[in-house]
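Reviewing the structure listed below.
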Amino acid sequence: MSLYLQLLLGAIRPRSLFLPCSAIILGSGLAAFEGYVDGALFASLLFVTMFAQIIVNLAGDYQRAFIIHARNSEQSGQANKHQQLQASMLKLILGLFVLFCIAIGSLTLTSTGVAPVSLTLLILCCLLLLSVLRHKTRRGLPTDRFGQILSLLVMALLSASLPFLLSHYLYTASLQSIDLLIAIAAGCLALMTWFSEQIMLRFATQNVSQIDADATPLVQSQPAINNLLNAQMISLIVAVLLTLTLIIIAQLPILTFAFIFAIPSLAATIITTRHLPDFDTAQSQLTKTGIASFSYWVLFVIGLMW
């Protein structure tokens, strides 16, 4: 099997696809509620979104292998092999990014033509993805609080808010203030998943000096974990309040309140990790948070369609 194919298949992780796919389902569902339906566009958006997430996963694999654990690679005595693998991964990431830009650009131009809003969203998506890939292939985990917060906000935008806005605009060719409210709610819910990933990384990373500039082992720092769990709870509360506000203001069908059934699952992951702070629990939380976030928006859309 080709090395490039092995690397690509290794970056396909189903649990990472729940979040961006839920944003596409949300955008397409709201467009369908307004009377805009296009099955081909929906399938294309899902494919392109999953493709982008796979590229991010591949860049994350590169970051862990050649930046965070670079010393282990150097000490293994296989420097030449690691250099070849490193070069292959960089070429693959660059090639996939170019393909993504061509695909999303073609889809956008076909759907809306040269519309200023769609072009702005398109350029923003490509630039944010490029910045994430550049960061992951050149640097380790952020060492300062501002860098960590900025990284999380960018990932929330890239994995939830922008996919929703772009998908909804490609259907309707219009954006309203209500759409921005939903995008913020989707971003807040996406932050829960990225906070989960940060918690898991703090348990998994052995080279703690690349996480904390003061060389304080964050893996053993319970306050740091608690802060992330508190941030998760705040993100959940804000997302729920924004969703309720949206339903009331837009006078959506009462069955859209079905999203409430996903809230206990999201809250339970936070409570469990707080009482059992270890790597296995954090890894489980990451998966469960992604699935519950997906269910949150799917139940919301089902309520719209009822």
Exercise. So is ILE225 modelled with pLDDT of 85 or more and either touching a strand residue (DSSP E or B) at 6+ places or on another chain (Cβ under 6 Å) or in a helix (DSSP H, G or I) (or both) or not?
Worked result: no
Exercise. Are any residues in region 30-41 part of a helix (DSSP H, G or I) and either without any contact (Cβ under 8 Å) to a residue 60 or more places away in the chain or within 12 Å of the chain's Cα centre (by Cα) (or both), and if so, which ones?
Worked result: GLY39, ALA40
Problem set entry | Residues being among the aliphatic types (A, V, I, L, M) and within 17 Å of ALA160 (Cβ to Cβ) - total across region 128-137 | 3
For this session: Please determine, by comparing only the residues of region 255-279 that are hydrophobic (A, V, I, L, M, F, W, C) and without any contact (Cβ under 8 Å) to a residue 40 or more places away in the chain, which one is surrounded by the most Cβ atoms within 10 Å (Cβ to Cβ).
Result: ALA262
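Each row is one residue, and each column tells you yes or no for (1) within 23 Å of SER151 (Cβ to Cβ); (2) within 22 Å of the chain's Cα centre (by Cα); (3) modelled with pLDDT of 95 or more.
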{"residue": "GLN198", "(1), (2), (3)": "yes, yes, no"}
{"residue": "THR205", "(1), (2), (3)": "yes, yes, no"}
{"residue": "THR216", "(1), (2), (3)": "yes, no, no"}
{"residue": "PRO253", "(1), (2), (3)": "no, no, no"}
{"residue": "ASP278", "(1), (2), (3)": "no, no, no"}
Seminar exercise, completed: If we keep only residues of region 168-196 that are surrounded by 22 or more Cβ atoms within 10 Å (Cβ to Cβ) and either more than 15 Å from the chain's Cα centre (by Cα) or modelled with pLDDT under 60 (or both), then the residue farthest from ALA32 (Cα to Cα) is ILE182
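The values are calculated or read from the model by the stated rules, or taken from the named source; none is laboratory data. A quick note: this is a predicted structure, and the numbers were derived from the prediction, not measured. A quick note on method: Cβ atoms are made from the backbone with ideal geometry, for glycine too, and the neighbour counts reach across all protein chains shown.
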